[in-house]
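A short write-up of the structure that comes next.
The values are calculated or read from the model by the stated rules, or taken from the named source; none is laboratory data. Predicted, not measured: the structure shown is a model, and the values here were computed from it. Glycine also receives a Cβ, built like all others from the backbone with ideal geometry; neighbour counts cover every protein chain displayed. Accessible surface areas use protein heavy atoms only, side chains included; no ligands, DNA or RNA. Shrake-Rupley method; radii C 1.70, N 1.55, O 1.52, S 1.80 Å.
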Amino acid sequence: MRALAKPVSTRQACAMLDAGNSHLLLIDYQTRLMPAIHEGARVIANGSRLLQAARLLDVPRSFTEQNPDRLGRTVPDLAPEPGETVLAKMNFDACADTALTKEVPAGQRLVVCGCEAHVCVLQTVLGLLNAGRDVVLVADATASRVTGNRDTALARMARHGAEIVTTEMVLFEWLKSASHPRFREVLALIK
């Protein structure tokens, strides 16, 4: 008689985002790239909501720029402010040639968004996951030129351990409650 195998649980511990242990990573929202991105304006708008909320809630944030001499700097709607880290890179995986993993302290959850989903976002997320980092990917603030590439990249990142969320999920989890002192300011970002 064959022994019954124990059921394998694929469910991970449920952990909501917390502004106190999050780090927002905005990948390659660059001036020469964004006009080619499918629904680029919507993606920039959601990235802007995340960035503004992170600033209001004191969530640390970093930006990457792929070959900025060729692709330009971060778009004006998401322009880094003094004190915000911008990591220029040539490798598609930001972990490969920047100080990203040193910039973000261990234990912080990386809330990631950007372009292109199937290239720099995918390779950076896989690099972070391989480094043992906790990654939360914001689907509606992440895109590619072709939606099929984006959708396949999202599925692959999820399969490898990235949690997939939306902009509003992040904002409301960072707030936790309507009694948060910055609730009305953050709510205004989505109305």
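Overview of results
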item: Choice from D77, D28, D134 showing the highest fluctuation, given a GNM over the chain with Cα pairs closer than 10 Å; result: D77
item: Nearest-20 debye value, the chain charge dipole, Cβ charges on Lys, Arg, Asp, Glu; result: 540
item: Mean accessible surface per residue for the range 68-141, computed with a 1.4 Å probe while every protein chain stays in place, in Å²; result: 43
item: For the chain, built as a Gaussian network whose Cα springs stay under 10 Å, the top-fluctuating residue of A117, A15, A36; result: A15
item: Charge dipole (the range 60-123, unit charges on Cβ, about Cα centre) - positive-most of A79, V112, P68; result: V112
item: Extension gain, A41 back to A158 (0.36 nm per residue minus Cα-Cα distance, nm); result: 39.7 nm
item: Difference of contour (0.36 nm per residue) and Cα-Cα distance, D77 to R184; result: 36.4 nm
item: Share of carbon and sulfur in the accessible heavy-atom surface of the range 20-160 [1.4 Å probe, %]; result: 49
item: Gyration tensor (alpha-carbon) shape descriptor, the range 51-147, a/c threshold 1.5; result: rounded
